[in-house]
Amino acid sequence: NDVAVLKLKKPLTFNANQKPVALASKDTPGDLKCKFSGWGLDAYPSDVLPNHLQKMDVLTYNNADCQKFHNAGPKSNTIYPGMLCGFNKLNVGACRGDSGGPLVYESANGLEQVGIVSWVYEYCALGVPDVYVRVYYYLDWIHENTDHVLQ
């Protein structure tokens, strides 16, 4: 399910470029404007990784609409409730090496992580929504596996 909780030996140090984000405070609807960042391939089948962090805007899709996209291709994949779909545009999307990267939403309370890159359809950016782990779906599990309340 691409979800993990790490126990660190010492606290992280944050600065202007590295700051914490809150976990999703509510379930993520379709049509939510989010941002994704990652270090994955710029294009497939290239094996060249970027020299700087890549960023893109992502619009979320509800699971029923996402399932239609995934059923339309030659290879059908099931979109489960713990998944969240997002799309930018043709030839722009998550790619190999982006797995585990954050999908964040800027709420009135600041940044919230709503997704974690899980997988993409066949090759990168083929016009089918990318699939993320739906963070809200796993909140109970995350809290059960941490020693303190995450903020």
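The values are calculated or read from the model by the stated rules, or taken from the named source; none is laboratory data. Every value quoted in this text rests on a predicted model; they were computed, and no experiment measured them. So basically every Cβ, Gly included, is an ideal-geometry build from the backbone, and we count neighbours across all protein chains shown.
General remarks:
- Among the candidates Cys66, Cys95, the residue that is within 23 Å of Lys26 (Cα to Cα) and either crowded, with 18+ Cβ neighbours inside 10 Å or among the β-branched types (Val, Ile, Thr) (or both) is uniquely Cys66.
- Of all the listed residues (Leu41, Leu32, Leu126, Leu49), the sole one being surrounded by 12 or more Cβ atoms within 10 Å (Cβ to Cβ) and either under 18 Å from Asn1 (Cα atoms) or at pLDDT 95 or above (or both) is Leu32.
- Condition met for Gln67 (of a type in the set (S, T, N, Q), within 20 Å of Val135 (Cα to Cα) and touching a Pro at 6+ places or on another chain (Cβ under 6 Å)): no
- Taking the listed residues Tyr61, Tyr121, the one that is under 25 Å from Asp140 (Cα atoms), in contact (Cβ under 8 Å) with a residue 12 or more places away in the chain and hydroxyl-bearing (Ser, Thr, Tyr) is Tyr61, with no other qualifying.
- Taking every residue in segment 22-38 that is closer than 15 Å to Pro81 by Cα and pairing it with any residue that is among the aliphatic types (A, V, I, L, M), at least 6 positions away or on another chain, the pairs with Cβ-Cβ distances below 7 Å are Thr28/Leu84; Thr28/Val114.
To keep it simple, each residue is scored yes or no on (1) surrounded by 16 or more Cβ atoms within 10 Å (Cβ to Cβ); (2) farther than 14 Å from Met56 by Cα; (3) touching a Ser or Thr at 6+ places or on another chain (Cβ under 9 Å); (4) not hydroxyl-bearing (Ser, Thr, Tyr).
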position: Tyr80; (1), (2), (3), (4): no, yes, no, no
position: Lys89; (1), (2), (3), (4): no, no, no, yes
position: Val104; (1), (2), (3), (4): yes, no, yes, yes
position: Ser118; (1), (2), (3), (4): yes, yes, yes, no
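- Residues in segment 80-92 that are closer than 22 Å to Ser25 by Cα and either part of a strand (DSSP E or B) or not aromatic (Phe, Trp, Tyr) (or both): Pro81, Gly82, Met83, Leu84, Cys85, Gly86, Phe87.
- Any hit, segment 48-59, residues being outside any loop (DSSP other than H, G, I, E, B) and of a type in the set (S, T, N, Q): yes
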